[in-house]
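Reading through the C-alpha cells given below for one structure.
The values are calculated or read from the model by the stated rules, or taken from the named source; none is laboratory data. Here the structure is a predicted model, which means the values were calculated and not measured. For neighbour counting, all protein chains shown are included, and Cβ atoms are generated from backbone atoms with ideal geometry for every residue, glycine included. Accessible surface areas use protein heavy atoms only, side chains included; no ligands, DNA or RNA. Shrake-Rupley method; radii C 1.70, N 1.55, O 1.52, S 1.80 Å.
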Amino acid sequence: MISKEQYIESLRKMNFDLYVLGEKVDNAVDNPIIRPSLNSIAATYEVAEDEQYADLMTATSSLTGKKINRFTHLHQNPEDLVKKVKMLRLLGQKTGSCFQRCVGMDAANAVFSTTFETDEAYGTDYHQRFIKFWTYIQDNDFVVDGAMTDPKGDRSKSPSAQEDPDLYLRVVERREDGVVVRGCKIHQTGMVNSHEVLVMPTVAMRPADKDYAISFAVPADSEGILLIYGRQSCDTRKLEKDADIDLGNQEFGGHETIVYFNDVFVPNERIFMDGETDFAGMMVERFAGYHRQSYGGCKAGVGDVLIGATALAVEYAGAEKASHVKDKIIEMNHLNETLYSCGLACSGAGKNTKAGNCLVDLLLANVCKQNVTRFPYEITRLAEDLAGGLMVTMPSEQDYNNPKLRPIIEKYLKGVASVSTEDRMRILRLIENITLGAAAVGYRTESMHGAGSPQAQRIMISRQVNMNEKKQLAKNIAHIKN
C-alpha cells in the first residue's frame, strides 16, 4: 500500500496527452479544474492509512497474502461485498463527490471470473495473464480506470455493422507479439487520475463482431491514447482567483473523459479476451452487476452529505421546526437508506464464481441501480425545495468580498442571528454543488446513466427474474394442475 503523498507524486510521472477546455495540459496534478478530482482519489489512500477504518479500507490479497487497499481486492465472499458497500458510503461521506476508484475494482472482479471460464471453454491462458497483471496492480497500489462504454453510433446496428467501424473499439491489426486497437471509450471516470486502463467490450456480441470482443490493459498514458476532459457545470469557478465560497465543495470533485485510442499497441501478456464473442456478454453483465452494486454505497454516502447540508440550510433559515420540513427530511433519509439497503442486499446474497471470487446477486444489483436512477432525483428535489431560491440567486463571492457590497449582503441575506451570513452562503453553495454544479456529475445525473441506463437495468431484471417459478407458486396455491 502507498500513501496519499506517494500516489500524488506517482501521477506526476505520468505523461498524458490531455486536453481541458480546448488547451493541452502538461501538468494535470496541479491544474485547478482537475485537482479536486485527484483529491477525491487521494482520499482513498489517506483513509486507508487510518487504523479506525482498516477493516473497511484494507483486505488480505487472495493472490499474494499481503495487506492491500480494498480498491484492488478480488472479493472472496459476501462479507467482502458488504464491506465494499460500507467503504463506498464512508468515502462518499468524506468527499461529497465521486472518488472514481470503484470502476477499476468492479472491472477487475468481472475480468477475473470471465477469463477463468473463457480458458475453461477454449484452453486459452487469459486468466493467468490477468492474475499476473492484477498482482502488479496490488503490489503497486495503482488506480485503474475500467473502460467499458463505447460511443455505439447507430444503436440499431451491431458493432461490425456500423457505417464507421471505429464507433466501437476494435482490433485493427494482429501481430505475433500483440494487437493494435483503435476506437474510443467515453464517460471514463477518473482516467486522468489513473495509472492503468482496463478495457472491456461494451455489449454482448455475435461471431461477426470478433474484432470488437477485446479486453486488455495498458498504461493510461500509453502512446496513442488521447484524453479530452469532460465539461462540468460551474467548472470555471475553480479558475477564479481565491475561489472558495462559490465552489461549494472546495476540496473534492470527480471527472469524466473521452479516451481516444489511436492505433494503440497491446502486448499479448496484457490481452484478456480476443475474439471470444460468446463471453463478451458475461463480462459486460458481471461488470455491470458489480458497478450497480457500488451505487448503493457511494450514492448513499453523498446523499448523507446532501441531507446534512439541507438540514443545516433550514436551521440557518429558522425553519427546522416546521412539520412539512421535518417530513421532507425524513423522506430524504428514507430514500437514501433504501439505496444503501439494496447495496447491502445484493452483496449479502452474493455467490462465488468458478474462479473463486464472489459475484453479487445480479437481480438485486440491478434493482439497486434502478432505484438509484430515481431516488437521488427526489432527494435532490427535496433539497432544492428546502434550500430555497437563494441557492441559485445569491451574489457571487466577488460581490461578497467587495467592501461596498458586503454590508448589504451581510444584512439582507442573514437568517437566524446565531449563524453568519457567510456560513449560510457556504452551505447553500454546497447544496448547489451537489445538485446542480460540478458534483452533480457524481451524484444526480450520474445516478441516471452511470453503470448503464435505466432501461439496461430493466432488461436485466426481466432476464434474472424467474417468472415461471412465480407462475408455478400461484398455480400451487390455486390448485391448478397443468
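For the range 428-441, check the following and say yes or no: at least one residue is touching a residue at least 60 places away in the same chain (Cβ under 8 Å), of a type outside the set (Phe, Trp, Tyr) and under 22 Å from Gly289 (Cα atoms).
Residues of the range 428-441 that are touching a residue at least 60 places away in the same chain (Cβ under 8 Å), as a first pass: 428-441.
Add one more test, that the residue is of a type outside the set (Phe, Trp, Tyr), and what stays is 428-441.
If we keep only those that are under 22 Å from Gly289 (Cα atoms) too, we end up with 441.
Checking the range 428-441: at least one residue is touching a residue at least 60 places away in the same chain (Cβ under 8 Å), of a type outside the set (Phe, Trp, Tyr) and under 22 Å from Gly289 (Cα atoms).
Checking the structure you have, find out if any residue of the range 69-89 is under 30 Å from Ile214 (Cβ atoms), open to solvent by less than 20 Å² (accessible area, probe 1.4 Å) and part of a strand (DSSP E or B). Yes. None of Lys354, Lys369, Lys411 is among the basic types (Lys, Arg), part of a helix (DSSP H, G or I) and either more than 29 Å from Cys234 (Cα to Cα) or touching a Phe, Trp or Tyr at 6+ places or on another chain (Cβ under 9 Å) (or both) except Lys369.
The set of residues from the range 37-68 being in contact (Cβ under 8 Å) with a residue 40 or more places away in the chain, under 13 Å from Lys94 (Cα atoms) and open to solvent by less than 50 Å² (accessible area, probe 1.4 Å) comprises Asn39, Ser40, Ile41, Ala43, Thr44, Tyr45, Val47, Ala48. The residues of the range 238-269 that are over 18 Å from Cys98 (Cβ atoms) and either in contact with a Leu (Cβ under 7 Å, 6 or more places away or on another chain) or open to solvent by less than 40 Å² (accessible area, probe 1.4 Å) (or both), listed by number, are Ala243, Ile245, Asp246, Tyr260, Phe261, Asn262, Val264, Val266, Pro267.
Checking each residue of the range 376-386 against the condition of being of a type outside the set (D, E, K, R), open to solvent by 80 Å² or more (accessible area, probe 1.4 Å) and assigned to a helix (DSSP H, G or I) gives no match. The set of residues from the range 393-408 being part of a helix (DSSP H, G or I), open to solvent by 90 Å² or more (accessible area, probe 1.4 Å) and not polar (S, T, N, Q) comprises just one member, Ile408.
Each row is one residue, and each column tells you yes or no for (1) hydroxyl-bearing (Ser, Thr, Tyr); (2) farther than 30 Å from Leu436 by Cβ.
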| residue | (1), (2) |
| --- | --- |
| Pro165 | no, yes |
| Asp177 | no, yes |
| Lys185 | no, no |
| Val203 | no, yes |
| Ala208 | no, yes |
| Ile214 | no, yes |
| Ala217 | no, yes |
| Ser222 | yes, yes |
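For the range 430-446, the count of residues that are of a type outside the set (Asp, Glu), open to solvent by 20 Å² or more (accessible area, probe 1.4 Å) and modelled with pLDDT of 95 or more is nonzero.
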